[in-house]
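To start, the structure under review is shown below, and the notes come after it.
The values are calculated or read from the model by the stated rules, or taken from the named source; none is laboratory data. All of these numbers come straight from a predicted model, not from anything done at the bench. For neighbour counting, all protein chains shown are included, and Cβ atoms are generated from backbone atoms with ideal geometry for every residue, glycine included. Each accessible area value is taken on the protein alone, full model and side chains, heavy atoms only, with ligands, DNA and RNA left out. Shrake-Rupley method; radii C 1.70, N 1.55, O 1.52, S 1.80 Å.
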Amino acid sequence: MSFYQTPPVLENQFTTDRLLRTYLQRTLGDALASVTPELDALGALTAGEMWQRARAERDDEPSLAQWDAWGHRVDHIELSHSWKHAKRIACEFGLVGTAYERKLGALSRVLQFAKVYLFEPSSDTYSCPLAMTDGAAKTLLTHENRALIDRAVSRLTSRRAEDAWTSGQWMTERTGGSDVSKTETVARLVDGEYRLYGTKWFTSATTSEMTLTLARPEGQPEGSRGLSLFYLERARADGSANGITVNRLKDKLGTRKLPTAELLLDGAIAVPVKGIGDGVRNIAPMLNVTRLWNSVCAAAGMRRGIALSRDYARRRLAFGMPLSQKPLHLDTLAGMQAELEAGFMLAFRVAELLGADEAGQNAQPELARLVTPLAKLTTGKQVVAVASEALECFGGAGYVEDCGVSRLLRDAQVLPIWEGTTNVLSLDTLRVLAGGAGHAALLEDTARLMKETKDKELAAVASSGHEAIGRTVAKAGELAGRDPVAVEQAARRVAMTLGRSYALVLLCHHADWCLRTLGDRRSRAAALRFAAHGFDLMSRPEVAVREDEAAMAME
Ligand code: MFK
């Protein structure tokens, strides 16, 4: 009789997720009971129908038809079936709307992102337009543009798929995804309305009904201050294209269900969102929301890789027993879970801060401004490493497309890139440290968390995290005053140390709660393991070997 392995099975992704459930128990308290049926239903859907569909339709990718049979330019993007399905589920469960309905007050963002966490890994990256939609709604509300709010926000936050809109976020041009100040798109005032001319080089979810974008009104200075933030709709009132042509769809490593296009804007009618100038500053609310989505989606990707690997470990027999009984395999899974638990805490901490700010309760804007890029850059790197391990947990099967795991790694790789690369966000972290009270707020928060952590070992580890943050902030400040090149060279180590150390302190605090309230020691084990993986990356000399290293880097 030949031997065959059994494929992994996904159970309900809410009911089987200890980390998510204990976190929600701690943060939502009594309110959890009222939202459990919804989370339970989404957990069943994401493990069942959505996951099966994503796998069965894996080759059903979006396609672009530029011309119709009669020679008209149409630029029609046909979406995959799973995307049409994902839109209905996203609306029904209020993946965006939950945040704006605010039924749980300051905790509404926690609930929203619990849903995002469940939904994302089976959504074929439909999370991308949802992230931008959330960011657009937030940005329009922040800038209090009444006409645009009336026109778009109820559509962006709708729970009815028939009238719900999604939004794009068109920032990237050929001049660069990071250095947005070089944006070449021009805004020309024609008969009292702005028309945009230029190319947008990386427009994700190009089928969205509207977008926020940057352009330089004629006569405005160079640099990011001369840019303005514009709102535009894909179609004009008569249904014709709004001066937008689609040059081609990108042929990407991953996120292949997501239609990402190169666009030409040739007279697209657009409306300034907040006057003229300061475009980068004005689009920042959107960036901060999408960076939070990125962090939660990174945690979700880790969780999915672990869920599949864990189930497979129970089924996969090798050397006479299941992998789940092999000490080395258990050690590998424990390391993956430890990274997930820390990354999860960091991502959801940003959700807590955003929700508090929006509800006007215990708002901590300086802390939020600092930890948003920290969460994004920390979890972006974690998910690539954990997804890679997840594939390895399947051996050769994980490297094969139709086993359903390989996509996790390809999709993970975008998370450290879009919405600001690791290095760009590390430099952003330095700017925040130099300019505000973020580091004081961070130290205050870690001191509080540490104080509330009672278990001796967890408290000691949390204290090491708190101290690493203090040392790193001091070191960055000292370097910045003495040697600007050295501080820039160290930026990633500074940011990663802050991100991983904060994640560690948050996880210790959560683990302590689990221990005391539930008698559950598993998050404690995760915290100790995460600490052993390392969180202080600042121990190397920053200046001594600089020239040798630069030579070595570019040999
Ligand atoms: C699954 C999840 C899906 C997620 C959706 C993915 C969709 C992908 C679609 C995309 O569009 S990806 C492309 C995203 N592009 C970026 O994220 C840009 C990356 N580059 C940066 O973030 C640069 O740091 C930045 C463009 C912001 C630097 O620009 P500048 O011109 O050097 O600006 P500067 O001087 O740093 O900042 C200008 C102002 O904005 C400053 O304020 P002031 O004018 O008051 O001095 C900054 O403080 C402010 N600012 C910048 N970043 C901010 C911010 N304010 C608040 N929050 C921020 N994050």
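So, in Å, what gap is there between the alpha-carbon centers of the stretch 121-153 and the stretch 449-505? Each part's Cα centre sits 34 Å from the other's. Cα centroid separation, the stretch 21-67 to the stretch 170-187: 34 Å.
With θ taken as phi - 60° and the Karplus curve 6.51 cos²θ - 1.76 cosθ + 1.60 applied, the whole-hertz 3J(HN,Hα) list for the stretch 5-11 is 7, 9, x, x, 10, 9, 8 Hz, x standing for glycine and proline.
Nothing charged except the Cβ atoms of Lys and Arg (+1) and of Asp and Glu (-1): what's the magnitude of the dipole of the chain about its Cα centre? Round to the nearest 20 debye.
On the way: 68 positive and 68 negative charges, 198 e Å.
Dipole about the Cα centre, nearest 20: 960 debye.
When each of the peptides 11-20, 126-135 is scored by the mean number of other C-beta atoms lying within 10 Å of its residues, the order from highest to lowest reads 126-135, 11-20.
Of the whole protein surface, E78 contributes about 80 Å² of accessible area at a 1.4 Å probe radius. Is the shape of the stretch 168-277 best called rounded, prolate or oblate, per the rule: a/c under 1.5 gives rounded, else a/b larger than b/c gives prolate, else oblate, with a ≥ b ≥ c the square roots of the Cα gyration tensor eigenvalues? In terms of gyration-tensor shape, oblate.
What pairs from K326/K376; K103/K257; K138/K451; K84/K250; K252/K381 go past 29 Å between their alpha carbons? Flagged as over cut-off: K326/K376; K103/K257; K138/K451. Residues whose amide H falls under 5 Å from that of G267, counting only those 5 or more places apart or on a different chain, are L196, Y197, G198, with hydrogens built in the peptide plane.
Once you keep just the Cα pairs under 8 angstrom separated by 6 or more residues, what percentage relative contact order results for the chain? Reported as a whole number, the value is 13 percent.
Helix-only arithmetic for the chain: the sum of -39500 (n - 2.57) across DSSP H runs with n ≥ 4, divided by the residue total, places the mean residue ellipticity at 222 nm at -17500 deg cm²/dmol.
For the stretch 422-553, what class follows from the C-alpha gyration tensor (a ≥ b ≥ c being the square roots of its eigenvalues): rounded when a/c is under 1.5, otherwise prolate if a/b is larger than b/c, else oblate? Intermediate results must be reported in sequence, preceding the final value.
Details: a/c = 2.90, a/b = 1.99, b/c = 1.46.
In terms of gyration-tensor shape, prolate.
Taking the mean number of other Cβ atoms within 10 Å as a proxy for protection, how do you rank 159-166, 187-194, 102-109, 290-297 from highest to lowest? Could you put the intermediate results ahead of the total?
Working: 159-166: 15.2, 187-194: 12.8, 102-109: 19.0, 290-297: 27.8.
So the peptides 159-166, 187-194, 102-109, 290-297, ranked by packing, come out 290-297, 102-109, 159-166, 187-194.
Between Q361 and E488, the contour length at 0.36 nm per residue exceeds the alpha carbon distance by 42.2 nm.
For the stretch 425-529, with all protein chains present and a 1.4 Å probe, just round the carbon and sulfur fraction of the accessible area to a whole percent.
On the way: 2430 of 4360 Å².
Using a 1.4 Å probe with all protein chains present, the stretch 425-529 comes out at 56 percent carbon and sulfur.
Assign one of three labels to the stretch 120-215, namely rounded, prolate or oblate, based on the Cα gyration tensor with a ≥ b ≥ c the square roots of its eigenvalues; rounded applies when a/c is under 1.5, prolate when it is not and a/b is larger than b/c, and oblate otherwise.
Working: a/c = 2.13, a/b = 1.24, b/c = 1.72.
Cα axes put the stretch 120-215 in the oblate bin.
A cut-off under 10 angstrom between Cβ atoms defines the neighbours of D455, and their net charge, with Lys, Arg +1 and Asp, Glu -1, is +3. In this structure the amide hydrogen of N247, modeled in the peptide plane, comes within under 5 Å of the amide hydrogens of E262, L263, L264, none closer than 5 places in sequence on its chain. Counting only DSSP beta bridges with both residues in the chain, the antiparallel share comes to about 85 percent.
Scaling the Cα radius of gyration of the chain by the globular reference 2.2 N^0.38 Å produces a ratio of 0.97. Give me the net charge for the shell around E222: Cβ to Cβ below 10 angstrom, other residues only, Lys and Arg +1, Asp and Glu -1. Result for the local shell: +3. With each label modelled as a point 7 angstrom along the Cα→C-beta vector, the E457-A550 pair spans 4.6 nm. Each of A440, T27, T125 was placed along the dipole of the chain (beta-carbon charges, centred on the mean Cα), and the one lying farthest toward the positive end is T27. For M171, no residue 5 or more places off, or on another chain, has a built amide H under 5 Å of its own.
Other residues within the sphere of radius under 13 Å centred on the Cβ of T36, judged by their own Cβ, net out at -2 (K and R +1, D and E -1). Remark: the stretch 161-298 carries a charge dipole of roughly 500 debye about the Cα centre, counting +1 on each Lys and Arg Cβ and -1 on each Asp and Glu Cβ.
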